[in-house]
1. So Arg121 fits all but one of (1) of a type in the set (D, E, K, R); (2) outside any loop (DSSP other than H, G, I, E, B); (3) at pLDDT below 95; what number is the exception?
2. Just give me the residues in the range 47-63 being assigned to a strand (DSSP E or B) and touching a Lys or Arg at 6+ places or on another chain (Cβ under 7 Å), in sequence order.
3. Quick check on this structure: which one of Ala149, Ala111 is farther than 17 Å from Asn61 by Cα and more than 18 Å from the chain's Cα centre (by Cα)?
4. Scan the range 137-149 and report the pairs whose first residue is in a strand (DSSP E or B) and whose second residue is surrounded by 14 or more Cβ atoms within 10 Å (Cβ to Cβ) and among the charged types (D, E, K, R), with Cβ atoms within less than 8 Å and a gap of 6+ or a chain change.
5. With respect to Ser34, determine if the residue is under 21 Å from Leu161 (Cα atoms), of a type in the set (S, T, N, Q), exposed (fewer than 15 other Cβ atoms within 10 Å of the Cβ) and more than 13 Å from the chain's Cα centre (by Cα).
6. Pairs under 6 Å by beta carbon, first residue over 20 Å from Trp76 (Cβ atoms) in the range 4-21, partner modelled with pLDDT of 95 or more and surrounded by fewer than 12 Cβ atoms within 10 Å (Cβ to Cβ), six or more apart or different chains?
7. Starting from the range 66-82, take each residue that is closer than 14 Å to Lys26 by Cα and list its partners that are of a type in the set (Val, Ile, Thr) and outside any strand (DSSP E or B), counting only C-beta distances under 7 angstrom and pairs at least six apart or across chains.
8. Out of (1) without any contact (Cβ under 8 Å) to a residue 24 or more places away in the chain; (2) of a type outside the set (S, T, N, Q); (3) surrounded by fewer than 16 Cβ atoms within 10 Å (Cβ to Cβ), what's the single condition that is false for Lys128?
Amino acid sequence: MSNPPTSAHDESSPAPPHFEEELLDKHFEYTYSSGWTYQFWVKNHQRIVYGISGGPMSGRNNFQTAHYQRVRPNLWQISWLEETNTVVSMVLDIDEKRITTFMSFSHGHWARNDEAKGYKRDEGKLDKWRELSVDTPQAWERTQIPEQAHIDKIYNGRGDLEDIDMSWPTL
């Protein structure tokens with residue numbers, strides 16, 4: 001029997017080795033080859049905070065429970081599940097200033113992307129985003145996007161992204 005999916009980390013789980021020196025409190029601003037612009041901040045080994053300022057999802061700001069895996073020095077895989085049922089997995093190559101992302105958007109998230117914009121803490125947003133996760137003619141109907149981005153800036157701190165409280169739900 002397989003384990004059920006999880007949406008949260010065990011609060012007592014330690015950070016992955018080398019996480020603190022390579023990722024903790026780092027902020028990345030990047031541009032995909034399509035021209036879409038994103039940014040994310042690594043709050044800690046359990047959360048990622050991000051904002052989208054260019055492309056079809058522009059105006060979306062969010063935070064998620066994230067899973068961080070170190071592949072080698074300064075090369076990390078970061079993955080998470082959105083409340084819209086969109087799956088995101090990226091390979092962050094700090095040395096090469098490159099991000100390779102695979103996004104599998106739920107039908108509702110992609111087809112009704114204007115409703116997926118904003119900030120999850122705004123009144124009604126989290127419920128609306130959860131509603132998008134079940135808006136699908138067929139369970140397999142998704143928009144899958146493999147993309148590569150160039151990292152434009154790397155710095156410490158949250159920048160203009162909102163800080164989050166660890167007690168806030170992600171899914």
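The values are calculated or read from the model by the stated rules, or taken from the named source; none is laboratory data. In this text, all values refer to a predicted model and were calculated from it rather than measured experimentally. Don't worry about glycine lacking a Cβ; one is built from the backbone with ideal geometry, like all the others, and counts go over all protein chains shown.
1. Every listed condition holds for Arg121 apart from (2).
2. Scanning the range 47-63 gives Val49, Ile52, Arg60, Asn62, Phe63.
3. Ala111
4. Partner pairs satisfying both residue conditions: Gln148/Arg98; Ala149/Arg98.
5. Working: under 21 Å from Leu161 (Cα atoms): no; of a type in the set (S, T, N, Q): yes; exposed (fewer than 15 other Cβ atoms within 10 Å of the Cβ): yes; more than 13 Å from the chain's Cα centre (by Cα): yes.
No: the conditions fail for Ser34.
6. none
7. Once the first residue is closer than 14 Å to Lys26 by Cα and sits in the range 66-82, its partners that are of a type in the set (Val, Ile, Thr) and outside any strand (DSSP E or B) give Asn74/Ile94.
8. Here Lys128 clears every test but (3).
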